[in-house]
Each structure stands twice: as structure tokens, then as C-alpha cells.
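No value in this document is a laboratory result; all are computed from the given coordinates. Remember, it's a predicted structure, so these values are computed and weren't measured experimentally. Glycine gets a Cβ as well: all are built from the backbone with ideal geometry, and neighbour counts include every protein chain shown.
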Amino acid sequence: MTQLLLLSDIRDALVECVFLECILYAAGVSTFWKWWQSDFGWTIVFKTLAIAIVLLPSNLYLVFNIQVGKSLAWQWESVAGLAIVGIMIAWRFVVTWTIQKLDPPTTKSGRRAFRAARRLRKEQKDAEEVRS
């Protein structure tokens, strides 16, 4: 096997894995994080799903040998998917800037995050004390 074939196989496997991770991410993270309750959560989950949209044509070809490259509808799907990724990155920038611009502990979501971080630090400290 030549190095080019090996790299091609690795790339194909990575496309399939990343596609599946993107699809399963929202369901998996929903078991322990109510992402739909914060703008930051929406930006993360939607960007992940947008990446899955971008990878969908490649995954269809790799898994089912369906060639969609010459279809006008799939070309629009690719353009829309890339545009959504760009929009999600811009949205995340605005949300992050807004969170950082505001004093996080003074906003409702900031206070929740601050309390959660304080609880986590206390739990970690308690766990270290128990081990000692």
C-alpha cells in the first residue's frame, strides 16, 4: 500500500467518524447539559450540526457509494452548509463577546455559571481531601 492510499483511507475514515460525532453530539451532550437554555449552547450545537451538513455528501459517497456532486440540489446543500458554519462562527463570536463584555457574575446566566464553577471547585477540593 502506498502512502497516498493509506492517507486516502485515513481521510475517508475520519470523514465518517467526524460526521457521526457531529450527529451524535447534540443527543449525547443533552444528557448532561441543557444547551438549549443558553445562546452559547445553541452556537455550539448548531455549528456541530452544520459541519455534519457539510460532510453529508462525502459520507453518502463513502458509506453508500451515492455520488451527489453533479446534482444542483446537493451543490446548494454544500453551499448552504458552509454558509451556516460561517454564520455559526460569527454568532459564537458575538455571544462570546457579549458574555465577556458583561460582567458574567452580574447576569442571570453568568451567576449560574459562576455558582456552577464554584460548586465544581468545592467538589474537587472535597474529593482531594477524601483521598488524603
**Q.** the chain: relative contact order in percent, alpha carbon pairs under 8 Å with at least 6 residues between
**A.** 21
**Q.** Ranked list, fewest to most other Cβ atoms within 10 Å of each Cβ, for Thr31, Thr96
**A.** Thr31, Thr96
Q. What trypsin sites (Lys or Arg not before Pro) in the range 1-86 are in a loop by DSSP, with at most 11 other Cβ atoms within 10 Å of the Cβ?
A. Lys34, Lys70
Q | Equivalent-ellipsoid semi-axes of the chain, from the Cα gyration tensor, Å, largest first | A | 38, 22, 12
Q: Find which of Ile23, Ser8, Leu55 sits farthest along the positive direction of the dipole of the range 1-56, computed with +1 on the beta-carbon of Lys and Arg, -1 on that of Asp and Glu, about the Cα centre.
A: Ile23
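About the Cα centre, and with charges only on the beta carbon of Lys, Arg (+1) and Asp, Glu (-1), how big is the dipole of the range 25-130? Nearest 20 debye, please.
Details: 14 positive and 7 negative charges, 89 e Å.
That gives the range 25-130 a dipole magnitude of about 420 debye.
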**Q.** Cα extents of the range 19-78 along the three principal axes, largest first (Å)
**A.** 40, 21, 10
Q: Among Leu24, Leu56, Leu72, determine the one that fluctuates most according to a GNM of the chain built with springs between C-alpha atoms less than 10 Å apart.
A: Leu72
Q: Report the full-extension gain for the segment Glu128 to Thr31: residue separation times 0.36 nm, less the Cα-Cα distance, to one decimal in nm.
A: 32.3 nm
Q: Eight or more residues apart or on different chains, and alpha-carbon atoms under 28 Å: count the Lys pairs in the chain matching that.
A: 11
Q. Which value results for Rg/Rh of the range 1-53 when Rg is the Cα radius of gyration and Rh the Kirkwood radius based on the inverse mean 1/r?
A. 1.21
Q: Could you go through the range 71-81 in sequence order and give the Karplus-derived ³J(HN,Hα) for each residue, using 6.51 cos²θ - 1.76 cosθ + 1.60 with θ = phi - 60°, rounded to whole Hz, and x for Gly and Pro?
A: 7, 4, 4, 6, 5, 5, 4, 5, 5, 5, x
